[in-house]
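Student: Pasting a structure below so you can have a look.
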Amino acid sequence: MYLWRRLTPKQRVELLAWRKENHYPWHRPPHRGSDVPRSYHITAACYEHAHHIGYSMQRMAETSGILLENLSRCGSIVHAWCLLPNHYHALITTDRVLDVLAELGKMHGRLSFAWNGEEATRGRQVWCGAVERTMRGERHYFATMNYVHHNPVRHRYVRSWQDWPFGSAVEFLEQMDRAEVKAIWKEYPLLDYGKGWDEPEM
């Protein structure tokens, strides 16, 4: 079972505080009513959905920073992101999506080498490749943003967005007016988003 579920409430608060203090390079929250050209939902999973990322809290924290650094390369703007024990999601705007995917592929290779060394599992496949989905318009864009922020709740790791430290939800809630957050959630519902390819873990 993933470590987060075994942490005490005090330990979770401390981890959230640590996450905020490190100020990972997340960008501005999105605005409704604006164009969303060249925006993509990027996602990647560990091979066979094994919890390689969630091997330890330290690995989760370190991978969060590494992921953001790689997503932010090539001039990309990161609007929402979330790292889970066996996969990640991000909503970004870029005009160089193939370059971003290439950077993520290199990141996967470096992480695989490091993690397999730590666990004495040389040759083990750790990742499946990152894939992108183009946002078809504002509705698709904001439904994706809700989906990314809601993912830890969807997978039953936490009960609320602000309880998960490995993503942009905490910063999003702090920077956005609460009424606006609720309006976005209501106006752009998830419905069956992710059904068939990102089912909650049991």
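No value in this document is a laboratory result; all are computed from the given coordinates. Everything quoted here is computed from the prediction, not taken from an experiment. Note: ideal-geometry Cβ built from the backbone for every residue, glycine included; neighbour counts use all protein chains shown.
Student: Could you tally the net charge around Ser112, taking each other residue with its Cβ under 13 Å from the Cβ of Ser112, Lys/Arg +1 and Asp/Glu -1? Mind dumping the intermediate values first?
Tutor: On the way: positive: Arg59, Lys106, Arg110, Arg122, Arg124; negative: Glu118, Glu119.
Combined, the nearby Lys, Arg, Asp and Glu give +3.
Student: Could I ask something else about it? Report, by chain and number, residues whose modeled amide H sits under 5 Å from the one on Trp127, excluding near sequence neighbours (fewer than 5 apart, same chain).
Tutor: Excluding prolines and chain starts, which carry no amide H, the hits are Tyr47.
Student: Classify segment 31-179 as rounded, prolate or oblate, taking a ≥ b ≥ c as the square roots of the eigenvalues of its Cα gyration tensor: rounded when a/c is under 1.5, otherwise prolate if a/b is larger than b/c and oblate if not.
Tutor: oblate
Student: Under a plain spin-label model, where a point goes 7 Å from the Cα along Cα-to-Cβ, how far apart in nm are Lys106 and Thr134?
Tutor: Going by the 7 Å Cα→Cβ label model, 2.6 nm.
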